[in-house]
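Written out below as structure tokens is the structure these notes cover.
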Amino acid sequence: MLLIKNIGLLATPLGSTVRCGAAQGEIKEYRSAAVLVDDEGMIAGVYENGELPEVECETLDAGGRLVTPGLVDAHTHLVFGGWRAHEVPLKIAGASYLDILNAGGGILNTLVNTRKATEDELFERSLGFLDEEFGFGVTTVEVKSGYGLNKETELKQLRVIRRLNEEAKQDVVSTFLGAHAVPAEFKGDPDGYIDYLIREVLPVVAEEKLADFCDVFTESSVFNVEQSKKLLLAAQKLGLPSKIHADEIDPLGGSELAGEIGAVSAEHLIATKDSGIAAMAKSKTVACLLPQTSLYLGKPFARARDMISAGVPVAIATDFNPGSCPSLNLQLSMNLGYLRYRMYPGEVLTAVTLNAACAIGMGEKVGSAEKGKQADLVIWNADELPMLLYRMGSNQVKTVIKKGKIYETH
Ligand code: NIG
Ligand code: FE
């Protein structure tokens, strides 16, 4: 048993399902709180107003600080070879993300380095990324494949993700993103590539239980709505629920498709139209917003306020990848959510805890500090949520607790 005591403020959303509309900002606040953790690393009780359980056990003094649930990063591409620092000057000179991709760079450049790397090399490097992210208070992470774009390398990436779940400190959820770009082998034939994925790759992914979700990049000069739908419905038949990279650059209809096929989440949504927002509200698809990508690509920020008003549950993540977001700092996404999405502190907290957990099928286990959930918690060098969101650029983590295990970071 472990008793975390002297918590100045424990701030957490409640429940195991998505919070939307006004409920997105409803945060339970326990003052002068304590959390009791059992020997399995689960929360056994939450106490407030100086009340303490009568148990003899190890204690951890939170020093009157703010405590929240561990952060959940619901969208990363963290298994890849190489970097793409050379693209930034091209962008400064005026090239767009799609210009670089269409010239054989971008994702297709990372593909070369990911195909070259061995499984062990990818694993070690990705484990290092997860360690770095843990230091930012992130205790659960979703990781996508999508830099192999052939059977061999996609499966290699997915095996790495499964190994990360075994060996990293975090829980790691796996998403198959074989439809991330059209590889040179299928240049000009996206339909042929989608058919290849459905015929040759998806059945193995499902059979070997290598992924929890299937995702697709629905975008101009990548995959259109019909191709995306075909792949996602085939994956659903094999038991893989859907995610969609939708409206990142052009509003092709990805968010409308997310609503139509009941996708668990739609990602980016920078250019989403009213019809996409309405479709996602109806299906309670989580809008997984990635503000650091807007910053990095010099794009507008997603319409988070309109989404919340319409009843779409909103999550915020990093999008960590070598092209559009080389940052693992989820706190920076929170700062941008506060400042640029104009989300209130409670809404931002829900976006990186409970709603993010629900976006990756982990809402029953993590995402809130409640009896019966995993004891995944962060002690912050801050006393209130507005302070945490205000100090942009600093890592404000004091201590991370994962399944009841204590990791001092600062
Ligand atoms: O989410 N949009 C597609 N995928 C990533 C970028 C991947 C890359 O550029 O390597 C994203 O932004
Ligand atoms: Fe992404």
### Query
For Glu40, which of the numbered conditions (1) within 16 Å of ligand 1 (Cβ to nearest atom); (2) in contact (Cβ under 8 Å) with a residue 40 or more places away in the chain; (3) surrounded by fewer than 22 Cβ atoms within 10 Å (Cβ to Cβ) fails to hold?
(1)
### Message
Here is a list: Ala258, Ala235. Which entry is more than 16 Å from ligand 1 (Cβ to nearest atom), surrounded by 21 or more Cβ atoms within 10 Å (Cβ to Cβ) and without any contact (Cβ under 8 Å) to a residue 60 or more places away in the chain?
### Response
Ala235
### Message
Would you confirm, using the coordinates I've provided, whether Val225 is of a type in the set (A, V, I, L, M), surrounded by fewer than 19 Cβ atoms within 10 Å (Cβ to Cβ) and touching a residue at least 24 places away in the same chain (Cβ under 8 Å)?
### Response
yes
### Task
Give the residue that is nearest to ligand 1 (Cβ to nearest atom), with candidates limited to residues of region 114-150 that are among the small types (Gly, Ala, Ser) and assigned to a loop (DSSP other than H, G, I, E, B).
Gly146
### Task
Within region 219-273, track down each residue that is among the hydroxyl-bearing types (Ser, Thr, Tyr) and out of contact with any Asp or Glu (no Cβ under 8 Å at 6 or more places or on another chain).
Ser221, Ser228, Ser265
### Task
Return a yes/no flag: does region 375-385 have any residue that is small (Gly, Ala, Ser) and out of contact with any strand residue (DSSP E or B) (no Cβ under 8 Å at 6 or more places or on another chain).
no
### Summary
Filtering region 43-62 for residues that are in contact (Cβ under 8 Å) with a residue 60 or more places away in the chain and either of a type in the set (S, T, N, Q) or surrounded by fewer than 17 Cβ atoms within 10 Å (Cβ to Cβ) (or both) leaves a count of 1
## Note on the structure
(1) touching a helix residue (DSSP H, G or I) at 6+ places or on another chain (Cβ under 7 Å); (2) within 13 Å of ligand 1 (Cβ to nearest atom); (3) touching a residue at least 40 places away in the same chain (Cβ under 8 Å) all hold for Glu267 apart from (1)
### Contacts under 6 angstrom Cβ, first residue in region 177-198 being within 16 Å of ligand 2 (Cβ to nearest atom), partner charged (D, E, K, R) and assigned to a helix (DSSP H, G or I), 6 or more apart
Gly178/Glu154
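Does region 139-158 include one or more residues that are closer than 27 Å to Glu408 by Cα and of a type in the set (A, V, I, L, M)?
Yes, region 139-158 contains a residue that is closer than 27 Å to Glu408 by Cα and of a type in the set (A, V, I, L, M).
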#### Entry: Every residue from region 219-255 that is within 16 Å of ligand 2 (Cβ to nearest atom) and on the phi > 0 side of the Ramachandran plot
Asp247
### Summary
Of the residues in region 351-377, those that are under 13 Å from the mean Cα position of the chain (by Cα) and surrounded by 24 or more Cβ atoms within 10 Å (Cβ to Cβ) come to Ala351, Val352, Thr353, Leu354, Asn355, Ala356, Ala357, Cys358, Ala359, Ile360, Gly367
### Query
Do any helices (runs of 4 or more DSSP H) entirely within region 256-342 hold 2 or more residues that are within 27 Å of Glu26 (Cβ to Cβ) and away from ligand 2 (no atom under 16 Å from the Cβ), and if so, which?
274-283, 304-310, 330-339
### Task
Restrict the check to region 212-224 and report whether at least one residue is in a helix (DSSP H, G or I), of a type outside the set (Ser, Thr, Tyr) and modelled with pLDDT of 95 or more.
no
#### Entry: In region 286-327, the residues that are away from ligand 1 (no atom under 14 Å from the Cβ) and surrounded by fewer than 22 Cβ atoms within 10 Å (Cβ to Cβ)
Pro300, Phe301, Arg305, Asp306, Ser309, Ala310, Gly311
### Matching strands (runs of 3 or more DSSP E) fully within region 19-94 where at least 2 residues are under 15 Å from Ala369 (Cα atoms)
28-37, 43-47, 66-69, 71-73
### Query
Of Arg84, Arg125, which residue is at pLDDT 95 or above, out of contact with any Asp or Glu (no Cβ under 7 Å at 6 or more places or on another chain), surrounded by 13 or more Cβ atoms within 10 Å (Cβ to Cβ) and under 20 Å from Lys299 (Cβ atoms)?
Arg84
### Query
How many of the residues making up region 199-214 are within 16 Å of ligand 1 (Cβ to nearest atom) and either free of Cβ contacts under 8 Å to residues at least 60 places away in the same chain or more than 23 Å from Gly254 (Cβ to Cβ) (or both)?
1
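Which members of region 76-97 meet the condition of being of a type in the set (Lys, Arg) and closer than 22 Å to Ala117 by Cβ?
Answer for region 76-97, where residues must be of a type in the set (Lys, Arg) and closer than 22 Å to Ala117 by Cβ: just Arg84.
The values are calculated or read from the model by the stated rules, or taken from the named source; none is laboratory data. These numbers were taken from a predicted model, which means no experiment stands behind them. As a convention, Cβ positions derive from the backbone with ideal geometry for all residues, glycine included, and neighbour counts pool all protein chains shown.
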